[in-house]
Amino acid sequence: MTQEFYVKTTVPGERRFNRRDFLKMGGAGLAGAALLGAAGCGGGGSSFDGTLVFSNGRETSGALESLIKKFNQQNQDITVKWRQAPSQSEQYFDELRTQFQAQSGDIHVMAGDVIWPAQFAANGYILDLTDRFTDSMASKYLDGPVAANTYEGKRYGVPWYTDAGLLYYRKDLLEKAGFSEPPKTWTELQDMAQKIQQDEGVKYGFVFQGANYEGGVCNGLEYVNSHGGSVLDPNDASKVTIDSPETVAGLETYRSMVETGVAPQAVSTYDEPTTEAPFLQNGDAVFCRNWPYMYSLAGSEGFKVKPEQIDIAPLPAGEGGQSTATLGGWNFFINAFADQEAQDAAWEFVKFMVSEESQKEWATVGTYLPAFASLYDDPEVAEQVPTVRLAPTALEMTEPRPVSPVYSDMSLELGEQFNATLKGDVPPEEAASTLQKQLQGIADQAG
Amino acid sequence: MTVNTEKKRRGGFLKREFGDPERRTAYYMVLPALVIILVVAFFPIAYATYLSFTSATVAAPGSFVGFQNYTEMFANEDFREGLVNTTLFTVISVTLEFLIGLGIALAINQAFKGRGLVRAAILVPWAFPTVISAVMWRLMFQDQVGIINYVVNALGIISQPILSDRTLLLIGSIGVDVWKTTPFMALLLLAGLQTISSDVYEAARVDGANVLQRFFRITLPLLKGTILVAVLFRTLDSYRIFDLFWALSNRELESLSTFVYKSVRVSQLLFAQGNAASVFIFVTSFLLALFFIYGLGMQTSTEE
């Protein structure tokens, strides 16, 4: 999940040739085109020679490289080669989709975002892993990520690591104001924030990701879900259920964050890095909603707020609802167009990567939240990864985003309406009924 | 060449064009370029046009649906917003760039000390890649660290955060584009100004023409060709605006090109509409160019 938020802007284009360059390239271009044409045909039929191509985005901790090395040493007949993918998840998705459309089996196994399985599975791009990733195996992993990899009752992906929205708060400020516990409901959060804003002169009460993009969808859904609303009928994914009093209540709470002055007006333009700035860098905010990755940034150079000043809690609950965090995370998929042999080798690699031992190394070295459930009780992991210590309660309440083969279309609409509500441009009732109409239209088209 | 003389020649058109070895060589030399244009430019356009008349999705080919994608596209609110934004952006920014650019060109066409330095300095904004300047300006518009946001708030001109308002974002984008591309316009116009011989002005001055008369009777008519080229370049460039909107507004501001990108690359269902929109952009920019060439009498070659 976090991967998709670091690099914000994709800008294809800005490629300008002048006429001379163009002519110079002429000969080379023709030859190249001929070569490409020849190479393009060879996609599907390549036979597996023991080199397993694994695609994943940038990984800076070094944990992935060391795990791949370990696997290669343990398996004489399989060599895993890591092909680096774009670190921005939207671009990576696009690249994979292009490969799949060409029915290419070049990439055998890939890691990918938790919102992809349904889209890939519906098009027959990735392998049905139900027989391999058995019930007994799946039961060892966190429920949310397993559910997110399930499409129409079949499991298409294996959870690698997970991510969930968390409430960060300034322990020191809460103590000073006489609060011994973080807020349990959104209303409590607003009351506490307002009191601290007044008494201590803190600029903002609460910052979160309200911009019109995927992160904004995650934030908005947390309000809808924590008030008891849902986007799709849990029993029938083709039925949209977003137009409900619960959704309206959730969006009203969302909007009230700005109306009460708890959140700055500009919160409707914030993404992850822009929420770090007021909360960690300047110490201007009491509460902040963000992903687990932010914890490790506290106290880093140029950041005013130190790790001992902050703590994490599950996100607040809505009135009459419960605490909900949007699920993020990364998973393994196997290419349906790859050779049988390659698919078997890929499964060996996936099994290795999600084994308890690898997951532990991945968590402690890479500070990712493991998908292997029992690691949350492991004292060694808890000691080295502070977020793991605090995450279990938050992770229990995760909610996947709508599992749909056309999720990207739904996401565009959800992002737009949530953002407009937050800005005050569209009243919550109208947003809910507009979404109902648009999303049902999308769901029908997909069906 | 009249029709009569053409008929008298034996072999007609082919003989005339290819009989002369010099002409033949010329054709051979443009042939590779033509082939490449056919392959890399014509084929994608033709294919997109074909797709825009079918119900194809990213994953599967579709059946022929006539103009349905186009009617749906015009009914799509995002497309209409993109069309309005693109039109406003193109008209306003090109007008401003032309007026300011012409002013600058006239100013630096005069002889004064440090003219070389000024000419080099005004080119600085043009040297930035669009993405860089867009991100730079986004930071200046931002509410936490943005200087512009701070200043306009302090002066009481604007009370809301700039980045949260689409109208303000559009105004901001026009401002950034004017800042960035006026130097290009000025430079093109300056080149045109320098081709006008000073003798003409001399003569006019002797005849008693004042500054305004000299500007409207001599400078503008003689500069017409340059102006048309410069304005056409900028118009087509602004009309296809993508990166500035995308980076400056963080995908919030819709243009025709961002609509195409979102439909073809992000969405699963709008693929056909996206193709229709890309064909729409192609056809309309082609018409724009034709209007400049035939409607406004722009010279396209130095022959005859």
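The values are calculated or read from the model by the stated rules, or taken from the named source; none is laboratory data. Small disclaimer: the values here were computed from a predicted structure and weren't measured. Neighbour counts are summed over all protein chains in view; Cβ atoms, including those assigned to glycine, are modelled from backbone coordinates with ideal geometry. Only protein heavy atoms, including side chains, enter the accessible area calculation; ligands, DNA and RNA are left aside. Shrake-Rupley method; radii C 1.70, N 1.55, O 1.52, S 1.80 Å.
Couple of notes before you dig in:
- For the range A:232-263, the tally of residues that are open to solvent by 60 Å² or more (accessible area, probe 1.4 Å) and hydroxyl-bearing (Ser, Thr, Tyr) stands at 1.
- Failed condition for B:LEU244, given (1) within 14 Å of chain A (Cβ to nearest Cβ); (2) open to solvent by 20 Å² or more (accessible area, probe 1.4 Å); (3) in a helix (DSSP H, G or I): (2)
- Pairs are defined by a Cβ separation below 6 Å, a sequence spacing of at least 6 or placement on different chains, a first member in the range A:55-77 that is in the same structural domain as A:GLU356 (by TED's automatic domain parsing) and of a type in the set (D, E, K, R), and a second member that is surrounded by fewer than 14 Cβ atoms within 10 Å (Cβ to Cβ) and part of a loop (DSSP other than H, G, I, E, B); the pairs so defined are A:ASP77/A:GLY50.
- Residues that are surrounded by 14 or more Cβ atoms within 10 Å (Cβ to Cβ) and of a type in the set (A, V, I, L, M), drawn from the range B:93-106: B:VAL94, B:LEU96, B:ILE100, B:LEU102, B:ILE104, B:ALA105, B:LEU106
- Considered as a group, the residues in the range B:32-49 that are within 11 Å of another protein chain (Cβ to nearest Cβ) and open to solvent by less than 90 Å² (accessible area, probe 1.4 Å) include one that is nearest to B:ASN275 (Cα to Cα), and that residue is B:ALA41.
- Within the range B:135-150, if we keep just the residues that are in contact with a Leu (Cβ under 7 Å, 6 or more places away or on another chain), within 20 Å of B:ILE241 (Cβ to Cβ) and within 11 Å of chain A (Cβ to nearest Cβ), the residue that is least open to solvent (accessible area, probe 1.4 Å) turns out to be B:PHE141.
- Residues in the range B:124-134 that are open to solvent by less than 60 Å² (accessible area, probe 1.4 Å) and among the aliphatic types (A, V, I, L, M): B:VAL131, B:ALA134.
- Evaluated against (1) away from chain B (no Cβ under 14 Å); (2) part of a loop (DSSP other than H, G, I, E, B); (3) open to solvent by less than 40 Å² (accessible area, probe 1.4 Å), A:ILE312 falls short on exactly one condition, (2).
- A:ALA277 vs. criteria away from chain B (no Cβ under 14 Å) and among the small types (Gly, Ala, Ser): no
Table: residues versus (1) within 14 Å of another protein chain (Cβ to nearest Cβ); (2) basic (Lys, Arg); (3) within 24 Å of B:GLN144 (Cβ to Cβ); (4) assigned to a loop (DSSP other than H, G, I, E, B).
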| position | (1), (2), (3), (4) |
| --- | --- |
| A:THR187 | no, no, no, no |
| A:MET192 | no, no, yes, no |
| A:ILE196 | no, no, yes, no |
| A:GLY205 | no, no, yes, no |
| A:VAL217 | yes, no, yes, no |
| A:ASN225 | no, no, no, no |
| A:GLY250 | no, no, no, no |
| A:VAL258 | yes, no, yes, no |
| A:ALA266 | yes, no, yes, no |
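- All strands (runs of 3 or more DSSP E) inside the range A:91-180 with 3 or more residues being at pLDDT 90 or above and more than 15 Å from the chain's Cα centre (by Cα): A:166-170
- Any hit, the range A:328-345, residues being part of a strand (DSSP E or B), open to solvent by 10 Å² or more (accessible area, probe 1.4 Å), under 30 Å from A:GLY299 (Cα atoms) and not charged (D, E, K, R): no
- Pairs are defined by a Cβ separation below 9 Å, a sequence spacing of at least 6 or placement on different chains, a first member in the range A:80-102 that is in the same structural domain as A:ALA338 (by TED's automatic domain parsing), and a second member that is surrounded by fewer than 17 Cβ atoms within 10 Å (Cβ to Cβ) and among the small types (Gly, Ala, Ser); the pairs so defined are A:ARG97/B:ALA59; A:GLN99/A:GLY43; A:PHE100/A:GLY124; A:PHE100/B:ALA59; A:GLN101/B:ALA59; A:ALA102/A:GLY40; A:ALA102/A:GLY43; A:ALA102/A:GLY44.
- Identification of helices (runs of 4 or more DSSP H) wholly contained in the range A:346-421 with 2 or more residues that are open to solvent by less than 10 Å² (accessible area, probe 1.4 Å) yields A:356-366, A:386-396.
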